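Since the structure comes first, as structure tokens, the remarks are kept for the end.
Read the figures in this text as sums done on the coordinates, not as results from a lab. Nothing here was measured: the structure is a model prediction, and the numbers come from that model. Here the Cβ is made from the backbone with ideal geometry for all residues, glycine too, and neighbour counts use every protein chain on show.
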Amino acid sequence: MKGPLAEMMKQAQQMQRKMEEAQEKLAASEVTGESGGGMVKVVMTGRNDVRGVSIDPALMDDKDMLEDLLAAAVNDAVRRVERMREEQMSGLTSGLNLPGDFKLPF
């Protein structure tokens with residue numbers, strides 16, 4: 001192949017490699033979600049796997065509050081992973097003319 005089509009295929013392959021690298025990096029990254037002013041912390045990977053949970057001992061006597069704070073910390077971690085994912089993907093697609101609602105990977 002020669003000409004513009006060959007160049008476009010080359011760029012597509014480069015983009016695919018960069019996306020695979022970004023996904024690997026994201027999977028290896030960790031974020032910490034918190035709630036209750038840091039009384040509950042959840043460490044989560046870029047694949048949304050929970051790696052660890054830290055709970056202030058003062059919460060052990062209030063089951064309802066602990067459950068609420070744990071849910072809030074997990075939700076915070078999920079939002080942080082999503083932001084990290086969006087930032088990483090926006091860096092990959094910054095040079096492309098894609099519509100604003102275009103989602104990668106397909």
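Table for the structure above
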item: Stretchable slack from ALA58 to GLU87, in nm (0.36 nm times residue separation minus alpha-carbon distance); result: 6.8 nm
item: Net charge of neighbours whose Cβ lies under 12 Å from the Cβ of ALA28, counting Lys and Arg as +1 and Asp and Glu as -1; result: -1
item: Per principal axis, descending, Cα span of region 4-92 in whole Å; result: 67, 17, 15
item: Segment ARG47-LYS25, extension gain: residue separation times 0.36 nm, minus the distance between their alpha carbons; result: 6.9 nm
item: Sequence-distant residues sharing a close amide H with SER35 (under 5 Å, placed H); result: VAL40
